[in-house]
Structure formats: structure tokens, C-alpha cells
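Worksheet: one structure, shown below.
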Amino acid sequence: MTLTLSTADSLRGTNPPRLVSTGRGSHVGCSHVGWSAAILCFALAFPQAAEAQRGSRAVPGDDHFLVVAAMHAGEFREAGDAFRDVAAGGIRSTEGRWIDSIAYHARLGECYYHLGDLALALEQYNAAARLFLAHSDWMLRVEFPAIEPEQVDRASKITWGRPSRPVSMGRFPETLLSQQGRFDNENVLRRGGVIANPELRAIRANEIAYCTGLAIRRRRELMGATCPHDPLTQAVIEALARRPAPPNSWGQSWVSVLLGLAYSSAGQTQQAIGELQRGLLAGGTFDHPLTAVALLEMGRLAMERGQHEAAATFFYEATFPAVAFSQPDIVEEAFRLGSDNFLATTHQGTYAPLPAAIEFAKSRDVYRYAHASLLIALADNFTARGDAARAARLLAEAQQTMRRSDMVGADVGARYYHQLALVSYQQANLAAGDAALATMLAWQRKGSKWLFQIGLADKLYLAGRVSPRVAENLFVDLLREPTGKDWTADLRETLSVTLTPHLLPMEHWFEITLERKDFERAIEITDIVRRHRFYSSLPMGGRLLTLRWIMEAPEASLPADAILQRQDLMNRYPNYAALSRQGAAVRAELESL
């Protein structure tokens, strides 16, 4: 299918078509040298060529952005096919693919990410990161013009409130000029090498920078504890630490945000926070296309450290620049994580911005995935406080939104079935709850990030890419028995890891402790292996058995923390006490017979 709609049409709300894109591109000479000053020299020397270049089609092209809109609408499979077609027409030279392919790889990775094909997703994010390394000086070749204040309030239609940050939006150009080729071709002729005539090429720099950040932060999310031990992570940090953008340009804000994301992926939290804060404003004045990315990552880091109040502020503030710069994926992620952060601290009420955000997303087709996701997030708020009826109505609307799209088989579909299981159980419909739970767990077996990270750690150990000491530390973290914090933070992931046998990595963990002659630790691991084998064979991974023991065992046989858990559950579910007495009476009657 040939693409016929303009990007502007798709972003105004035209229904994104089910499409396969045909990419087109041209080949240019590229070089790893050059400064933004060379752009001015070229424009002065060849004014007609420079003017012609300004009118040429920028990369990534309009077809790329139309596919991005389809992806935001939840059409992940066909968007993935289209991104592959667009990438096939990407710019190439004797040095390989150019920076436009950073966007194609990252966006294709995002399609795989949502579909739960995590190995393929990581492969694409890695490809985008390597392309960035190959062209890490690309911002030095770009002319960064002065930024004027935006006269139109692009966030004026936001319905969930106003930012608390003092916000000044800048008018960032859609395209920038990048100098390519060489000015020293005579030297090349004398010394040998590839001749590349100088030219200016128009690029969508905002998209390239955004997708570079997308690849970096998704690598962290998918790789987890293994990410700091991947050589690509450190290589990205070293490239960005050279601050490859013209001094005193607003490109330095982009460098700071990307460097902050890279530090975060390496587990260097304090350095990450410093760079992210440094990159929030372009020139210290204006929100820019990576501002929402920085705020989102700062919220994630705060939530991981248990700083829930700060995390709530960062997530909320991220939504405003995300809307202003047409980033529905950031809006969705900020509200979803904001809701998770809210539920981690209380089960009272609901996350306040969600209803208004849902209405905002409902009116825009390009927010269709966000609309379904936020409906499920609000349903989660209601199931957490036992309001199954309202949660069921929200899930029915989410199902209607996902209908005839790829979302049912994507991550948002797994979240839907998780909530459907909870609602069904709360409504005493055990058969429907078991069916929904089985559907969710079937998706999780391929889409669980925790299970994926266990596999990555095991591969690192077997390939000898980490020392036995590092491998043991990774196994201690990833093969741990789930804690109460794990169950609260991410029930889906924790249940998936508990119910899915992963005995081989545990055996490798045991082998390491034997080789290090840590026999006491080896005995502990054998106990962990036995318990994992046992619990993975039980319904709910042994959670049901544990619940029965906590609620019904004689108090004298329970530790103090279990007694406190019983009291908390009794307070949260006051009807249980009456049902427990009724059950005890039935048991006594049976015993008398």
C-alpha cells in the first residue's frame, strides 16, 4: 500500500490506516569529520545548492511519521512491517547506514517491545545505539538556530491541569541542516580514500535525538541488572561524555538528557540525575523535545528509590511537554507509571489526573493505545479498592478501544487480562478469572522482562562475558525469592517468575558457589531451588496456600509479621471474618459427623 496521507493529517486525528509503507531514500557521502561552521562555509560557497537542499525532503520522511502515528494507534505488527520498508530506503553511503536509521531501528524495536518479542526489540535498540556511536558527532554538523518563544500555547487543550513548573515553550524548527561530505577531497585524492562531495541535507533532528533516547532507556528497561555489564552501555556513555554538540548551543541540552539516560542505564544514578536536570531546558529557558523524556526518567528513578512524592511530581509534569511536542507514548507512560506510583502508596481514592487524561486521549485517534492503556490503569485503581463494578465498565470500554487492532495481543492486552482476572475473582466468577489469568500468563511467558533478564544473565555467564563474581551478583538479584515489595510493585512480573520454572540458571548459580567454595551459600541455593520447583507447581505460585496459612493457622504457629499481615487483611476485607466463622462452623459440623 502506498502512503497517501500527510503527517499533519494523521496527527490531526485522521484514522491511521492499516498500512505497509514503501520507503524511499537516496545515497549520500558521509564523513566523521566536520563542524557546524562548515555549514556556513558551504552555504556561502554554494548558495544555489544550499537553497535547493532546504527545499528537499528531510529525513526521516513523512512516510516514517505516518507509520509512527499508526504505531501510537496500536497497529504494532503492520507498523513493524512498514518500518522495515522505510528502513530499506534509508540513506546509505560507503560507511553504511546514516543517522536516519537510528529512528527506524528504535521505532521498529518499539513495535517488538509492545508485542512482547523482547529479544528482537533489544536487537533493534542495540542497532540504533551502534548507529549513534558510528555517527556520534552528528550534532556537530548541524546548524542550531536561535530559538524564539512559541506564540501558540500548544498545551492549551490539556484537560487534567496546568504544570507547576514555570514553562516557556520554544519554537523549535521541524528540520535542521546537516553538513555532509568533505571539503578536503583534494587531500583524499593525494592520500587515497573515498571522495564525498560536500552537501547540506535536511534532517528531522528532533526525531533522531528522541529515538536515540528511546533506544537507551528501553535497553535499560529490558536488560535490567545486566545493562551496566554490556560494553555498548559504556561506549554510549563515553561518546556522550565528550559532549558532541556545538558549545553554547541548545544541542547541549539534548546531550545532557541522552547522557543522563546513559548513566541511568549503567546504574550511575546520581550522575544521571545531575545530567537530566541540566538538560531540562534548552539554553536554560525553553522546554524542548527531550524535556518530557528527562522528567519521565527522573520520575522512574525517584520511584525506584521509594521517593513517591517526588516521582508523582515528575510523572505529572512530564505529560505537559509530551503533549506540546506530540509524544503520545510519553503521555501514556507517564500516566501509567504515575498510577503505579500512586497505588504503591495508597489504596484510597483514585489517581486524580486519569479520568481527564482518558477523555483527552479518547478524542484523538493517534492516542488510541494511550486511551486503552489509561482505561486499564484506572480499572487497576478500582480493583485495588475492591470496586469491581466500576473496574468492569472501564475494562469493557478498553476492550472496545482495542478491538480490531494488535493491542489485544500486546502488552496492553496482557494488562487487560490481568485486570479482568482480578475483577472476575472479586465478582466470585472463578472460571472467568482463571481463564483470564491463564491468557495473561501465556503472554507473560514470552513478554516478561524479569524472565528475559534471567536469560540474559545466564547467557553472559555461559559466554564468559562476566566474571563468576559478577555472575553470582546478577543471580543473587534476579533469582531471588520474590519479596513483598516485588508483589506490590509488579504483580504480573512476580507471578510470572514464580510460576515459570527456570532451574538451569539456578544450577549455574549453584555451580559458581561450589567453585568459590562457598558451601554455606550453596546449601541455601539448594533450598531456594527446591522451593522454586515446589511453588512453580502450585496454583498462584503458592500464594493461595500462603494466604490460607496466614488467615487460618493458629496464631501461636505464626511469626509476628504474619500476624500483622492477618490484621491488615482483616481490616481491608471486613467480610472475611464472617466467612471464616461460617467456614469454621461447617468444618466443625463435618467433624461431628
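The values are calculated or read from the model by the stated rules, or taken from the named source; none is laboratory data. Given the structure is predicted, the values throughout are model-derived calculations rather than measurements. Virtual Cβ from ideal backbone geometry, glycine too; neighbours counted across all protein chains shown. Each accessible area value is taken on the protein alone, full model and side chains, heavy atoms only, with ligands, DNA and RNA left out. Shrake-Rupley method; radii C 1.70, N 1.55, O 1.52, S 1.80 Å.
I'd like to compare 500-507, 583-590: which one has the highest average count of other Cβ atoms within 10 Å, and what's the full order after that?
Numbers: 500-507: 15.1, 583-590: 9.9.
Ranking the peptides 500-507, 583-590 by packing returns 500-507, 583-590.
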### Query
Just how much of V497 is accessible, in Å², when a 1.4 Å probe is used and the result is rounded to the nearest 10?
10
#### Entry: Spatially close lysines, pair count over the chain: Cα under 28 Å, gap of eight or more or interchain
7
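Nothing charged except the Cβ atoms of Lys and Arg (+1) and of Asp and Glu (-1): what's the magnitude of the dipole of region 260-371 about its Cα centre? Round to the nearest 20 debye. Spell out each step's value before the answer.
Details: 7 positive and 12 negative charges, 9 e Å.
The calculated dipole for region 260-371 is roughly 40 debye.
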### Query
What ranking do 523-533, 230-240 get when scored by the average of other Cβ atoms within 10 Å per residue, highest first?
230-240, 523-533
### Message
Using a 1.4 angstrom probe on the protein heavy atoms only, could you order R77, R218, R84, R97 from most to least accessible area?
### Response
R77, R84, R97, R218
## Note on the structure
So the angle from the long Cα axis of helix 308-324 to the longest Cα principal axis of the chain, reported in degrees to the nearest 10, equals 40
#### Entry: By accessible area with a 1.4 Å probe, ligands and nucleic acids excluded, highest first: order of H105, H114
H105, H114
### Message
Given R₀ = 25 Å, what would the calculated FRET efficiency be for N571 paired with V529, taking r from the Cβ atoms and rounding to 0.05?
### Response
0.10
### Query
Taking the Cβ of T346 as the center, what net charge do the other residues with Cβ under 15 Å away carry, scoring Lys and Arg +1 and Asp and Glu -1?
-3
### Message
Compute the angle between helix 100-115 and the longest alpha-carbon principal axis of the chain, please, reported from 0 to 90 degrees and rounded to the nearest 10.
### Response
20
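Determine the per residue accessible area of region 286-345 with all protein chains present and a 1.4 angstrom probe, expressed in square angstrom. Intermediate results must be reported in sequence, preceding the final value.
Numbers: 1480 Å² over 60 residues.
In whole numbers, region 286-345 has 25 Å² accessible per residue.
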### Query
Toward the positive end of the charge dipole of the chain, about the Cα centre and with charges on Cβ (Lys, Arg +1; Asp, Glu -1), which of S136, M506, A431 goes farthest?
S136
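With a ≥ b ≥ c the root eigenvalues of the C-alpha gyration tensor of region 84-178, is it rounded (a/c under 1.5), prolate (a/b larger than b/c) or oblate? Please report the intermediate quantities before stating the final value.
Numbers: a/c = 2.73, a/b = 1.42, b/c = 1.93.
It is oblate, given that a/c is not under 1.5 and a/b is not larger than b/c.
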#### Entry: Label assignment, P(r) over Cα pairs in 20 Å bins from 0, in percent derived from the structure, set (1) 15, 34, 24, 16, 9, 2, 0; (2) 18, 50, 26, 6, 1, 0; (3) 21, 57, 21, 1
(2)
#### Entry: Solvent-accessible surface ranking, highest first, for Y461, Y535 at 1.4 angstrom
Y535, Y461
### Message
Expected output is a single nm value to one decimal: the length gained when fully extending between S592 and T546, i.e. 0.36 nm times separation in residues minus the C-alpha distance. What is it?
### Response
13.8 nm
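Please work out whether region 258-375 counts as rounded, prolate or oblate from its C-alpha gyration tensor, where a ≥ b ≥ c are the square roots of the eigenvalues and a/c under 1.5 means rounded, while otherwise a/b larger than b/c means prolate and anything else oblate? If you can, show how the numbers build up before the last one.
Numbers: a/c = 2.19, a/b = 1.28, b/c = 1.71.
Judged from the Cα gyration tensor, region 258-375 comes out oblate (a/c at least 1.5, b/c at or above a/b).
Test of understanding: what is the full-extension gain from R393 to F519, defined as 0.36 nm times their sequence separation minus their Cα-Cα distance?
Numbers: separation 126, 0.36 × 126 = 45.36 nm, distance 5.50 nm.
Separation in residues times 0.36 nm, less the Cα-Cα distance, equals 39.9 nm.
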### Message
Just to confirm the number: angle between the C-alpha axis of helix 328-343 and the first principal axis of the chain, 0 to 90 degrees, nearest 10?
### Response
30
